[in-house]
Each structure stands twice: as C-alpha cells, then as structure tokens.
1. Buried (at least 24 other Cβ atoms within 10 Å of the Cβ), over 20 Å from Ala381 (Cα atoms) and either more than 14 Å from the chain's Cα centre (by Cα) or β-branched (Val, Ile, Thr) (or both), is that true of Val125?
2. Within region 303-316, identify whether any single residue is free of Cβ contacts under 8 Å to residues at least 40 places away in the same chain, under 18 Å from the mean Cα position of the chain (by Cα) and at negative phi, and answer yes or no.
3. Please pick out the residue among Gly319, Gly313 that is part of a loop (DSSP other than H, G, I, E, B), more than 21 Å from Glu214 (Cα to Cα) and among the small types (Gly, Ala, Ser).
4. For Ala41, state whether it is in contact with an Asp or Glu (Cβ under 8 Å, 6 or more places away or on another chain), not in a loop (DSSP other than H, G, I, E, B) and not hydroxyl-bearing (Ser, Thr, Tyr).
5. Output yes when any residue across region 252-262 is polar (S, T, N, Q), surrounded by 13 or more Cβ atoms within 10 Å (Cβ to Cβ) and not assigned by TED's automatic domain parsing to the domain that holds Tyr336, and no when none is.
6. Do the conditions hold for Thr13, that is, is it surrounded by fewer than 21 Cβ atoms within 10 Å (Cβ to Cβ), assigned to a helix (DSSP H, G or I) and in contact (Cβ under 8 Å) with a residue 12 or more places away in the chain?
7. Starting from residues that are aliphatic (A, V, I, L, M) and either under 16 Å from the mean Cα position of the chain (by Cα) or not assigned by TED's automatic domain parsing to the domain that holds Ala201 (or both), keep the ones in region 128-165 and report whichever is surrounded by the fewest Cβ atoms within 10 Å (Cβ to Cβ).
Amino acid sequence: MFGAPKPRSKLYTTLAMYRAIARDVLSGNFEVGPAVETFEAAIAAWTGKRHAIAVPMARTGIHLATKALVRPGRKIVLSPYTISDVVNMVIAAGAVPVFADIQTDTLNIDAAEVERLVDDKTDAVLATHFYGLACDVARIGALCRERGIALIEDAAQAFSSEIGGRHAGTFGDVGVFSFGMYKNVNTFFGGIVVTDCGDIAAKIRDAMRTMPPETLGHFLPKVASGLATDVLTSTPIFDLFTYWLFRWAYLNDVEALNNKVKVDLDPVLRRDLPPEYQGRMTETQARIALDQLPRVTADTKARIAAAELYHAGLKDLNGIVLPPLRTDGSHTYSYYCIQVPDREALVRHALRQGRDLTESHHKNCADMACFREWARDCPRARAAAASVVYLPTYPGYGRDEIEKTIAAVRGYFRDLA
C-alpha cells in the first residue's frame, strides 16, 4: 500500500503572511501606510515601465485596459483558451471579442491566426502568456505596430517570464499581472497594470479612484479560504485525510466534492463589471506582496528545474503532447501541462498509483453557450480543453515526487500498449 503523495498544488503563502494580515487587521493598519505606492514603484522598476497601477484583480486590469484602448463596438482579438471572465471583461468594456485559435504545443494564441483575423474594425489584440509560457509576442507586436492597433498582454500567469531578458507583459501598450490565490506572488486576489503611456495610465488611475477600497468583509473570506487550503494541504492533514477523501471522490464520481476544486463551473455572460471586482488594493496586500518579491527568481528556477525532469522522463512517449522545454526564462511553468487523448483515464490511473494529479479547468470559450454571439470554430482550443493535465511544479514538490509522477504517467502509457 502506498502513502499519500504531495498535493497537486500549493499556495505561495507562509505563516508570516497570515501573521502580518492578522497584525494589520487587529491594529487597524489594514489601510494605513504608503505600501501601495511603494509596491507600484517596485513593479515599475522591476518591469522597466514608467507606470504601474495596482488593481483589484487581473481581470479588472484587462477590463480597464480594454476600455482605455478599444472604442465601443470595435474588435479585440484574443485566445479562446482562458477563463470565461477574461472574455467577459472585454465585453463589459464594450469591445467585440474575436477568438483566434491557439497553437497545440504552446497552448498560446497563434500569431498566424491573429494576422488572419485582424481587419479594419480591429482596435487591439489581447495576447495571453499562458501557464507561464511567453507567447509569440514579438510577431504579434510587430503586426500591431504595422496595423496601428493596440497590444494588451495578459501576463496573469507569467509574472517573472522573460523573452530575451525582457519581462513578459512589457512588450505591448499595456501589461496585466495577477497576484491571485495560486499565483507565484499571492495577495489573496489583486493585480497590477503596467504601461509606458501616460494617457493610458491616467485613464486607469482615474477609473481606480472611482472604486471603493477593499473591505475587510470582502478580503477576510479570501484569506480564510487560503488558510483552509493551506491547512488541508499541510503534510499531516493531507496525508491522513485530504488526499484520500478527494481520491475517493474522483474515483467514484462524487461531483459534489470534485467541484470543490474546480473553477469556471457555470460561466455566464457579463456585460458590466461586477461590484466584487472593484475594490482597490489595500496597504496590507501591498505589504505582503513586497515581502514576496525577493523569492520570485528562486521559485522560478525551481519550476524550470522540475520541467527539465518531466521532459527528460516523458519525451519518448507516443500519444502525449509535452510543452516546449525552455530554460531561458521564457517559460516559467506554473504547471507542466501535458496533453493526452483520454485525460480522465490518466488521472484515474495516477490516483490509483498514489499520485495527486488533476485535469485543467480551462475551457474553450469559443464553444461556450454564454458566448454564442461570438462563437468561432477553434479546433485546437477545443482539443486542449479536453486533453490538458497538470503535473505539479511548485517549489517544494521535490525530485522524488516528480520521479514518482513520471513513473505513474509512463505506467499508464505502458498499460495502453
């Protein structure tokens, strides 16, 4: 009988973060201090951009960037392989989404499709750097400059990714980063927008000034959710309880439990920015973000090292699509995403072998009923939405765990032969 593995994912949190939050709340310093301005200045310096504006969430940043750059009723070309609210943010900003299919190996928007779809009604391209992998932003950026349209970079999953020593998110008119619950800098939701354009920065800052400050009533439940996740994935509790519960639920199709670890379960069309997306970043959030910045580079190196191990262990398998192996910083591997024809069968096999894997929660928005008005046939995005499995890469997962996960994946393909 096998013991429990390490969990499929971990938050980038520490006990010190929770102590800092508790101290600020109890002392009344939740909204006291210059930390937000300091954090904005730190990100501006880190990215080499003139302006950095803290926002409630990355999706809010996408909304504000779209409003600043896309005229009402004009088109914005974007990837359909994303969360539904990215699409909602451009719709709520008055833009018309045009879905450009993705590349199979990178899972990123296909620059050739972007070139094909940009027309005289297009105002912008939203280029997403997915799972930490920088998209072909040089080619897309050149097209945007040639056609006189804006480039917005969704770098929500690519904080610290680089192309030629330059950060993803800094090639376009606007870059948007996320500091959400599972990001490598975690402020329990929050994000930042960077730009060199003073007019764009002014528009976004003006919009932020109209938003209320984040409230304790809204923020603390997020922190409580993070704390609960940390407790459930802590070594003794995960080993004795959590893993076995969710393993049983998946193997027995107990959707009430399975859905607890899924997102975007019931996508809906939003034509307005929801109130819960409009709370300004707090001083507490900025302080804990600043404390995390020094470890980002080391964490990135750890994830790249994990990807090298996965690549070496899986590259000879037939019937599997691996992500590109890049060790130059252009892929920071928030997960190591493999694609297999029957991912449910692979996950079941892995769970039976004492591994903790999960399917991707991202969908093909071009097929969603809520976006039928903008539907397009994007076969590669459709295939990805049905085939991606996450292999863990977070720092601390460890070489031994990676090798066991590789063995489980190889065992699945060996049984198929």
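1. On the way: buried (at least 24 other Cβ atoms within 10 Å of the Cβ): yes; over 20 Å from Ala381 (Cα atoms): no; either more than 14 Å from the chain's Cα centre (by Cα) or β-branched (Val, Ile, Thr) (or both): yes.
So Val125 does not fit the description; no.
2. Yes; the residues of region 303-316 include at least one that is free of Cβ contacts under 8 Å to residues at least 40 places away in the same chain, under 18 Å from the mean Cα position of the chain (by Cα) and at negative phi.
3. Matching residue, one of Gly319, Gly313: Gly319.
4. Working: in contact with an Asp or Glu (Cβ under 8 Å, 6 or more places away or on another chain): no; not in a loop (DSSP other than H, G, I, E, B): yes; not hydroxyl-bearing (Ser, Thr, Tyr): yes.
Against the criterion (in contact with an Asp or Glu (Cβ under 8 Å, 6 or more places away or on another chain), not in a loop (DSSP other than H, G, I, E, B) and not hydroxyl-bearing (Ser, Thr, Tyr)), Ala41 does not qualify.
5. Residues of region 252-262 that are polar (S, T, N, Q), as a first pass: 252, 258-259.
Still in the running and surrounded by 13 or more Cβ atoms within 10 Å (Cβ to Cβ): 258.
With not assigned by TED's automatic domain parsing to the domain that holds Tyr336 added as a condition, the list becomes none.
The answer is no; no qualifying residue exists.
6. For Thr13, the condition - surrounded by fewer than 21 Cβ atoms within 10 Å (Cβ to Cβ), assigned to a helix (DSSP H, G or I) and in contact (Cβ under 8 Å) with a residue 12 or more places away in the chain - is not met.
7. Filtering region 128-165 for residues that are aliphatic (A, V, I, L, M) and either under 16 Å from the mean Cα position of the chain (by Cα) or not assigned by TED's automatic domain parsing to the domain that holds Ala201 (or both), the one surrounded by the fewest Cβ atoms within 10 Å (Cβ to Cβ) comes out as Leu133.
Residues are listed down the side, and each one gets a yes or a no for (1) more than 24 Å from the chain's Cα centre (by Cα); (2) in a helix (DSSP H, G or I):
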position	(1), (2)
Val176	no, no
Met181	no, no
Ile192	no, no
Thr229	no, yes
Leu245	yes, yes
Trp248	yes, yes
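The values are calculated or read from the model by the stated rules, or taken from the named source; none is laboratory data. It should be emphasised that the depicted structure is a prediction, and the values quoted were computed from it without experimental measurement. In this analysis, Cβ positions are derived from the backbone assuming ideal geometry, glycine residues included, and neighbour counts consider all displayed protein chains.
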